[in-house]
Amino acid sequence: MNIPELEKPRILVLASGQGSNLQALITACRDRDFPGQIVAVGSNRPNAFALERAAQAGIETFSVDHTRYDTREEFDNVLRLEIERRSPDLVVLAGFMRILTPAFVRAFQGRMLNVHPSLLPKYQGLHTHQRALDAGDTVHGVSIHFVTEDLDGGPVVAQAEVAVNSDDDAESLAARVQEQEHILYPIVIRWFCEGRLQLTGDDRIEFDRTPLTEVLRLSTA
Ligand code: GAR
């Protein structure tokens, strides 16, 4: 089905770094059947490579440099205004490495997704690959979740698993997890844009109007 570009849900992406997940979404959006459009990409780092990728794809960019603000609240207020003036239907955190204040999260609750490199609830926070290796896990992976005030603790929509090899280090494991991120995140964003995904209350997800009782595990391998 061909949806006119202007009528597609508006996606705003926030990224702090390389932007490989952003790139995967840019590629997905090139398919005319993709039900969403990226209207802007923002960063807290003016030199983030993600902004360059967006500019190369002809997408509007903006940055709000967190080092210029004394408090998290001030930074979040400016970021929030920058987002709201672009009227997104969905905010996609793609390697956005800032802890967000509760007020900011509430403003976008139910329309903000994050990709986290672990099988949540395991390994919230940083250094997830090393922590999985240190724990001797044989399976690691990625989670896509709605963002709530509970950092990395919002309800999980979908996960993809990655087998841990005996000769893995954090870098090799991260690379394989990222391959799965690049497949899984655009799928979940597609569902959201199609209206198939809803956050009901603080922690319940509906998929196709049916409460999601188990995390969706996609076979992406
Ligand atoms: C991704 O691997 C993502 O899972 C991780 O940052 C990376 C960003 O890569 N996110 C987090 O750790 C969030 N807590 P990218 O800039 O190449 O998309």
Inset, instruction - Starting from residues that are in contact with a strand residue (DSSP E or B) (Cβ under 7 Å, 6 or more places away or on another chain) and in a helix (DSSP H, G or I), keep the ones in the range 1-28 and report whichever is surrounded by the most Cβ atoms within 10 Å (Cβ to Cβ). - result: Leu22
Legend entry - Number of the condition not met by Ala103 [criteria: (1) assigned to a strand (DSSP E or B); (2) over 27 Å from Ile26 (Cα atoms); (3) hydrophobic (A, V, I, L, M, F, W, C)]: (1)
Inset, instruction - Could you list all residues from the range 210-221 that are exposed (fewer than 12 other Cβ atoms within 10 Å of the Cβ) and either part of a strand (DSSP E or B) or modelled with pLDDT of 95 or more (or both)? - result: Thr210, Pro211
Inset, instruction - Quick one: which residue in Arg80, Arg86, Arg98, Arg45 is at pLDDT 95 or above, assigned to a loop (DSSP other than H, G, I, E, B) and in contact with a Phe, Trp or Tyr (Cβ under 8 Å, 6 or more places away or on another chain)? - result: Arg98
Legend entry - Residues of the range 136-163 that turn out to be of a type in the set (Val, Ile, Thr) and either under 11 Å from Val215 (Cβ atoms) or in contact with a Gly (Cβ under 9 Å, 6 or more places away or on another chain) (or both), as a count: 6
Legend entry - In the range 130-170, residue farthest from Pro102 (Cα to Cα) [restricted to those that are in a loop (DSSP other than H, G, I, E, B), away from the ligand (no atom under 14 Å from the Cβ) and of a type in the set (Asp, Glu)]: Asp167
Inset, instruction - Within the range 180-199, identify whether any single residue is of a type in the set (Asp, Glu), part of a loop (DSSP other than H, G, I, E, B) and farther than 23 Å from Gln23 by Cβ, and answer yes or no. - result: no
Inset, instruction - Go through the range 24-42 and give me each residue that's within 14 Å of the ligand (Cβ to nearest atom) and either touching a residue at least 60 places away in the same chain (Cβ under 8 Å) or more than 12 Å from Ile59 (Cβ to Cβ) (or both). - result: Ala24, Leu25, Thr27, Ala28
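The values are calculated or read from the model by the stated rules, or taken from the named source; none is laboratory data. In this text the structure is predicted, and so the values were computed from the model without any measurement. Reconstructed Cβ throughout: ideal geometry from the backbone, glycine too, with neighbour counts over all protein chains shown.
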